[in-house]
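Worksheet: the structure to be examined is printed underneath.
The values are calculated or read from the model by the stated rules, or taken from the named source; none is laboratory data. Everything numeric here is computed off the predicted structure, so don't read it as measured data. Here the Cβ is made from the backbone with ideal geometry for all residues, glycine too, and neighbour counts use every protein chain on show. All accessible areas refer to the heavy atoms of the entire protein, side chains included, with ligands and DNA or RNA removed. Shrake-Rupley method; radii C 1.70, N 1.55, O 1.52, S 1.80 Å.
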Amino acid sequence: LGAQLCRDLARAGATVVGLARNTARLDALASELVRYSPSSETITCDVGDTDNLRKVLDHVAETHGAIDMLVNNAAQDPGIRLVDIGEDDFRHTFDVNFFAPVAATLAVTPSMVERGAGIVVNVSSDGGRLPSPGPGAYPSSKAALSAFTESTFFRLGPKGVRLHVVYPAFMATELGLGALGRGLRKPPRLTRRSVGTVSRRILAQAGGPSLEISVSGLIDAAMVFRSLMPRTYLRLRRHW
């Protein structure tokens, strides 16, 4: 999804700086980006190292000017069973899925507030609002990200900074396919989306008044069902 967002933004004429750990993939992506936006680039960065992440964001602002839009999309799932998972696995998951976007948001929003404009997009997970059976590290980190985004949305919105939390449905990315390989049941067809579809939805709604960017109406309906019939929902969810 991150690579697709970079491509779509570059095609729209934005200067894009993509961060990730895999240098080879970044180099391949950079060659695509510069065809549409010559000033775009990629930088190898493990966002879980928040000290380095802040330095990279400072470098981006110094090189390209103030950051107008931040997309926190990086995520990781430890893929460890409940009987085997440990506290360190939770900490690492939160380092990438929660503390990295928090650090990045806190780094860029002061400048946005000063200018009275800016967009922050935090990609959460439907598992954060409707967690499936499992060890809980991934969904709890995403639930924390959603809560952080909503809280800061109330404070920063009146100052011109638009914050969004994305619920992207199921995508056949490495992360999604890995979960299926570990036993997650294949989601219903109406809850599956391509990265292209999710990217277009994000970019169509980013900067608008809504906090949530939700890509699956069926999952939104499941949220209502859970509120109205919690016992029935939990009984069904135990087996899904």
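Overview of results
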| quantity | calculated |
| --- | --- |
| Packing-based ranking, highest mean first, of 92-99, 145-152, 19-26, 47-54 given that Cβ atoms within 10 Å are counted | 92-99, 145-152, 47-54, 19-26 |
| Dipole moment magnitude, nearest 20 debye, segment 1-49 about Cα centre, only Lys, Arg, Asp, Glu C-beta charged | 180 debye |
| Cα centre as origin, Lys/Arg/Asp/Glu Cβ charges: segment 79-235 dipole, Debye | 640 debye |
| Area accessible to solvent at Asp27, 1.4 Å probe radius, in Å² | 90 Å² |
| Listed residues Leu228, Leu156, Leu218, most fluctuating in the chain (Gaussian network, C-alpha, under 10 Å) | Leu228 |
| Radius, Kirkwood style, for segment 53-96 when every pair of distinct Cα atoms is counted (Å) | 13.0 Å |
| Per residue accessible area of segment 122-215, 1.4 Å probe, in Å² | 46 Å² |
| Choice from Ala206, Ala75, Ala172 with maximal GNM fluctuation in the chain (Cα, 10 Å cutoff) | Ala172 |
| Sequence of Met229, Met171, Met223 when ordered by accessible area, the most exposed leading, probe 1.4 angstrom | Met229, Met223, Met171 |
| Sites Asp84 and Leu228, calculated FRET efficiency, Cβ-Cβ separation with R0 41 Å, nearest 0.05 | 0.70 |
| Stokes-Einstein diffusion coefficient of segment 1-64, Kirkwood radius over Cα pairs, 25 °C, 0.890 mPa s, in µm²/s | 208 µm²/s |
| Selection from Ala61, Gln205, Val16, by position along the positive dipole direction of the chain (Cβ) | Gln205 |
| Accessible area of segment 48-142 belonging to carbon and sulfur atoms, whole % at 1.4 Å probe | 52 percent |
| Student exercise, segment 48-113 dipole from Lys, Arg, Asp, Glu Cβ charges, in Debye to nearest 20 | 160 debye |
| Ranking by accessible area, most exposed first, for Arg231, Arg193, Arg155 with a 1.4 Å probe | Arg231, Arg155, Arg193 |
| Of (1) 181; (2) 129; (3) 166, the label for volume of the Cα convex hull per residue in Å³ derived from the coordinates | (2) |
